[in-house]
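Scroll down for the structure; my scribbles are underneath it.
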Amino acid sequence: MSSALFLKAATTAFVAPHHALHRTTAASKVACHALPISTLLSAELTDIAPAGFDDAFTDELVFFDPTIRLLLTGFGVFVVLALIAKFLLGQMDGAIEKVLVEFEGTMRAKYASRWVSIEAKLEGLDEPERSQRLFQIMEKLEQDESDFMAQVNRDMAK
């Protein structure tokens, strides 16, 4: 029996005797709607449980099924790769900063006349922008004056 038919049958069975006891008045209609039908319905519903209802909540819960394991493994791999990338980028930034410091020191010590023109281009810049601009100048010198930069690199290695 569907739940809608059962609800209609239970309501009719419960309300019909009530109307037989009272005359049809406005007060009896209000009293009819205020009766606790849910108590009767819950008692009736427990008598007709669907097939397999007794075993419905005895299944074993598996928290680490293959799908969840795959998702957790994928997330773990992603986190590890992100940490490795962060470490490597930090190492690269440190190496570039070291090269820039060595380049600046070498240029100041051995190529002061050239350093004056480079320093004028760097004047007024804060540290992140200054390092980026100095790196761009180094790349431009490498492209335009590769012999000079080869000499600077040899001097930096000493």
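A few comments on the model shown:
- The phi torsions of segment 94-105, fed into the Karplus equation with coefficients 6.51, -1.76 and 1.60 and a -60° offset, translate into couplings of x, 5, 5, 4, 5, 5, 5, 5, 5, 4, 5, x Hz, rounded to whole numbers, with Gly and Pro shown as x.
- Residue 75 versus residue 95: modelled label distance in nm, points set 7 Å from Cα along the beta carbon direction: 3.4 nm
Laboratory data are not the source of any read-out in this text; all were calculated from the coordinates shown. Note that this is a predicted model, so its numbers are computed, not measured. Glycine also receives a Cβ, built like all others from the backbone with ideal geometry; neighbour counts cover every protein chain displayed.
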